[in-house]
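Novice: Here it is, the structure, as structure tokens.
The values are calculated or read from the model by the stated rules, or taken from the named source; none is laboratory data. Bear in mind that the values here come from a model prediction, so they are computed numbers and not experimental data. We place every Cβ from the backbone using ideal geometry, glycine too, and count neighbours over all the protein chains shown. For the accessible areas, the whole protein counts, side chains as well, though only heavy atoms, and no ligand, DNA or RNA atoms are used. Shrake-Rupley method; radii C 1.70, N 1.55, O 1.52, S 1.80 Å.
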Amino acid sequence: MIRTATAVLRKDLRIEWRTKEAVPAMTLFSVTTFVLFHFGLDRDTLDGPLASGVLWVTLLLAAVIGVTRLFAAEREQGGIDAFLLAPVDRTALFIAKAVALLIYLVLLELVAVPAFAILLLGPGLFEALPELLLVLLLADLGLAAVGALVSALAAETRARELIVPLLLLPLAVPLLIGAASATSPLLSEGGGGEDLARYLALLGGYDLVFGLIAFGVFDFLLED
Amino acid sequence: MYSRGFRPIAIATVLFTALAFGLVFFYAPLDGDQGFIQKIFYVHVPMAIVALCGFVAGGIMAIKHLRSGDRSWDMRSYVAIHLSIILGTGVLITGAIWAKASWGHWWLWDEPVLVSFLIVFLLYCVYYPLRFSIEDPDRQARYSSVFAIAAGAFVPINFVAVRLAEQITHPRVLSQTGGSMPGEMRLTFLVCLVAMTLLFVTLWKLELTSKQASMQLKRLRGRLELRAEERAATQASR
């Protein structure tokens, strides 16, 4: 199963490397959104809850783009049928897609978080970095699991581009709550969050539950 | 096949609903600080509880569908979610009326139950576009079930998360669902809850039976048309 998953993952990453479809669009979108927020809020610098909210809503919306594109190649060129013909475990496809999405999200954040720090953030980023990295990682894991499931769910529908955001955004609300609440004390002037552990537990629990659910039900989406 | 036990349940629904109305208006005491408007509680809270249970029940039926491959379970799950969404609309409307009357605002973001309910409601609204934009009936049933399971598990997680987001753990203004209700109120509330549950089950069975009947009718019509075509063809060849 691991071998199949790595094969599919390698294929996905190679396609992404050559076509440059998802990741550049996601990063560009996030930077554009920061500019929009600058004008929309009419503020030069942000801190505290506002900064964390802007950062997380932007990351979430940028993730929608990645999720929409995740199964595009399979749908357009019949990759699913070929995958079903091969005598391999179907869950491998889910793992490959979730890991691919995780990599996309990490690449997105490598650009978007520094861009946010330069463009909008008032307090320095470096003091908050260790905790912030942990929050980012936990939120990415949850987003990758839910995103792979949502992408597969929406792939068969007629209005794929409409269904993905409608499904993904409400499902990601607990992630947003956990991540934004954990981040906001980190990005304020005083720094230091006392509730950090509580929100990290929420993010971890979400990752666990939705990882298991997505893992369990994914097979049923591929039966034909 | 869905209509088994429909008559006794329907009769019980009528009786309990009548009893619930009687208790609400003539037996339950008026609330000390909220007055008459507090009576909306007997509609709002049972409706919310039944709707949430309906969502989760839809998820459990979806699990049964995926495990057994029996499409009738998908139909059950669909109708349960459909009715829960209708009840959910009622919950949001009555909730807003109650909030306006007792707190002076149509919507309060610091009321975690209200906010969680809205998020769950928004998620389930996507069930329709998802379900009806898949044409193949078999695949439609499977995809809807996968959605119902994921969303059913989402309901409790979301409630925990929204409650955690409450920075200030302010004292619950309206903890009637807890132990602080006077006995008469609690009895009335329980009767209302039973009545609402029965109403849900009755409507569920009714909808399922009607869906099945119209499906059967469609099948029979199709057969009739086929027969007519065959007859026309033989006459033409003669």
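Novice: For the stretch A:183-207, which positions are of a type in the set (A, V, I, L, M, F, W, C) and in contact (Cβ under 8 Å) with a residue 60 or more places away in the chain?
Specialist: Correct list: A:L186, A:L187, A:L196, A:L200, A:L203.
Novice: Please verify whether the stretch B:162-169 includes one or more residues that are at pLDDT below 90, within 14 Å of chain A (Cβ to nearest Cβ) and buried (at least 20 other Cβ atoms within 10 Å of the Cβ).
Specialist: Yes: one or more hits.
Novice: Given the options A:V88, A:V113, name the one that is within 23 Å of A:L202 (Cα to Cα) and either at pLDDT 85 or above or open to solvent by 40 Å² or more (accessible area, probe 1.4 Å) (or both).
Specialist: A:V113
Novice: Given the criteria surrounded by fewer than 21 Cβ atoms within 10 Å (Cβ to Cβ) and hydroxyl-bearing (S, T, Y), does A:T68 qualify?
Specialist: Taking the combined requirement at face value, the residue does not satisfy it.
Novice: Next question. Give the residue, chosen from A:L121, A:L129, A:L149, that is under 17 Å from the mean Cα position of the chain (by Cα) and either more than 10 Å from chain B (Cβ to nearest Cβ) or closer than 24 Å to A:L222 by Cα (or both).
Specialist: It is A:L149.
Novice: Still on this model: Show the residue pairs that are 6+ apart or on different chains and have beta-carbon atoms under 6 Å apart, the first residue being within the stretch B:188-214 and in contact (Cβ under 8 Å) with a residue 12 or more places away in the chain, the second being aromatic (F, W, Y) and open to solvent by 30 Å² or more (accessible area, probe 1.4 Å).
Specialist: B:V194/B:F16; B:A195/B:F16; B:L198/B:F16; B:K205/B:F6
Novice: Please identify the pairs in which a residue from the stretch A:56-69 that is in contact (Cβ under 8 Å) with a residue 40 or more places away in the chain and under 17 Å from A:L203 (Cα atoms) has its Cβ atom under 7 Å from the Cβ atom of a residue that is polar (S, T, N, Q) and in a helix (DSSP H, G or I), counting only partners at least 6 apart or on another chain.
Specialist: Qualifying pairs under 7 Å: A:W56/A:T183; A:L59/A:S30.
Novice: For residues that are of a type in the set (D, E, K, R) and closer than 20 Å to A:V106 by Cα, tally how many sit in the stretch A:3-61.
Specialist: 8
Novice: Another question about this same structure. I'd like the full set of residues that are surrounded by 20 or more Cβ atoms within 10 Å (Cβ to Cβ) and within 7 Å of chain A (Cβ to nearest Cβ), limited to the stretch B:119-133.
Specialist: B:I119, B:L123, B:V126, B:L130
Novice: Further, regarding this structure: What residue, among those in the stretch A:1-38 that are of a type in the set (F, W, Y) and within 19 Å of the chain's Cα centre (by Cα), is surrounded by the fewest Cβ atoms within 10 Å (Cβ to Cβ)?
Specialist: A:W17
Novice: Could you please give the count of residues in the stretch A:50-96 that are closer than 12 Å to A:S30 by Cα and of a type in the set (D, E)?
Specialist: 0
Novice: Run A:L168 past the list (1) over 21 Å from A:A51 (Cα atoms); (2) at pLDDT below 90 and report the number of the one that doesn't hold.
Specialist: The failed condition is (2).
Novice: Would you please name the residue that is modelled with the highest pLDDT, looking only at residues in the stretch B:91-127 that are small (G, A, S) and out of contact with any Phe, Trp or Tyr (no Cβ under 7 Å at 6 or more places or on another chain)?
Specialist: B:G95
Novice: Consider A:A180 carefully, then state whether it is surrounded by fewer than 19 Cβ atoms within 10 Å (Cβ to Cβ), modelled with pLDDT of 85 or more and either within 10 Å of chain B (Cβ to nearest Cβ) or over 20 Å from the mean Cα position of the chain (by Cα) (or both).
Specialist: No.
Novice: If you don't mind, there's one more thing I want to ask. Considering only residues of the stretch B:36-70 that are over 17 Å from the mean Cα position of the chain (by Cα) and touching a residue at least 40 places away in the same chain (Cβ under 8 Å), which is nearest to B:K205 (Cα to Cα)?
Specialist: Per the criteria, the residue is B:H65.
Novice: Taking B:S84 and the conditions (1) in a helix (DSSP H, G or I); (2) out of contact with any strand residue (DSSP E or B) (no Cβ under 8 Å at 6 or more places or on another chain); (3) away from chain A (no Cβ under 14 Å); (4) modelled with pLDDT under 90, which numbered condition does it fall short on, given that it satisfies the others?
Specialist: (4)
Novice: What number of residues within the stretch B:137-151 are more than 7 Å from chain A (Cβ to nearest Cβ), farther than 15 Å from A:A159 by Cα and open to solvent by 10 Å² or more (accessible area, probe 1.4 Å)?
Specialist: Number of matching residues: 2.
Novice: Kindly provide the set of residues from the stretch B:195-232 that are basic (K, R) and either under 14 Å from the mean Cα position of the chain (by Cα) or crowded, with 17+ Cβ neighbours inside 10 Å (or both), ordered by number.
Specialist: B:K205
Novice: Take the stretch A:208-217 and flag every residue that is touching a residue at least 60 places away in the same chain (Cβ under 8 Å) and more than 8 Å from chain B (Cβ to nearest Cβ).
Specialist: If the condition is that a residue be touching a residue at least 60 places away in the same chain (Cβ under 8 Å) and more than 8 Å from chain B (Cβ to nearest Cβ), then A:G211, A:F215 are the ones that fit.
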